[in-house]
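The values are calculated or read from the model by the stated rules, or taken from the named source; none is laboratory data. As the structure is a prediction and not an experimental result, all values here were calculated from the model. A quick note on method: Cβ atoms are made from the backbone with ideal geometry, for glycine too, and the neighbour counts reach across all protein chains shown.
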Amino acid sequence: MDGLDGFSHVWLTFSFHKAAEQGWKPRIRPPRLDGREKIGVFATRSPHRPNFLGLSLCRLESVDLDAPAVHVGGVDLLDGTPILDLRPFHPENDVPRGDVGQGWLERANTKRLEVGWAEGCQDRLRGLLPCSQGMGFPDYLDHEAIELVEQLVSLDPRPAHLRGGDGSWYMRILSFDVVATVADGRARITEVRA
């Protein structure tokens, strides 16, 4: 790891170890196509792959050569995920030049919901954040956790047949549940609970 500490980002190669228990699928229904269409697994970022390998670009926080340990931020991995390799991000080589084709993503649903918060919900989230620390989740700052929740809710993660309509749902984020209600194309976070 000598020399790694000068980089701002690293690529992590990891194993989708929990997905391996469920097996892989040659074709999947990407949520960004609202579950209406099947796409070949190699044209997606699905964890249900024949080799169960994942790739993630992460912010490099620090390198401890004595431990040895590498600390990264912006990671979306389960606790205990096996890391197989890491490589520095090279801006000259890792960013494509010229026209970039987006494949089926060009016809994907990119509509996001406007997100609002009921009074006291952001304070409740701030109060629950310390409960997530030490559980294998990344340590989010208050504003980072609020942004994470807003981004996830804005994607309307309900099943495809429920998207576009009004209704309430909840989802687990970190170590707490977020309850949201959709009405008139807007989402409102109405509760955050342990």
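The table below lists the values:
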| quantity | calculated |
| --- | --- |
| Residues of segment 40-60 satisfying the condition of being surrounded by fewer than 13 Cβ atoms within 10 Å (Cβ to Cβ) and either assigned to a strand (DSSP E or B) or not basic (Lys, Arg) (or both) | 40, 42, 50, 51, 55 |
| Scan of segment 1-26 for residues that are over 20 Å from residue 81 (Cβ atoms) and surrounded by 12 or more Cβ atoms within 10 Å (Cβ to Cβ), ordered by number | 5, 7, 25 |
| Filter result (surrounded by 10 or more Cβ atoms within 10 Å (Cβ to Cβ) and in a loop (DSSP other than H, G, I, E, B)) within segment 84-104 | 89, 90 |
| Hey, residue 112 more than 23 Å from residue 173 (Cβ to Cβ), modelled with pLDDT under 90 and not in a strand (DSSP E or B) or not | no |
| Residues of segment 137-194 satisfying the condition of being among the aromatic types (Phe, Trp, Tyr), touching a Lys or Arg at 6+ places or on another chain (Cβ under 7 Å) and surrounded by fewer than 18 Cβ atoms within 10 Å (Cβ to Cβ) | 169 |
| Among residues of segment 1-40, those that are among the hydrophobic types (A, V, I, L, M, F, W, C) and touching a Lys or Arg at 6+ places or on another chain (Cβ under 6 Å), counted | 2 |
| Inter-residue pairs, beta-carbon under 6 Å, first farther than 8 Å from residue 104 by Cβ and in the same structural domain as residue 81 (by TED's automatic domain parsing) and in segment 26-48, second outside any strand (DSSP E or B) and polar (S, T, N, Q), 6+ apart | 28/44; 28/46; 32/109; 34/109 |
| Test: residue in segment 145-168 that is closer than 22 Å to residue 35 by Cα, part of a helix (DSSP H, G or I) and of a type in the set (Ser, Thr, Tyr) | yes |
| Lone qualifier among 97, 49 - being within 20 Å of the chain's Cα centre (by Cα) and among the basic types (Lys, Arg) | 49 |
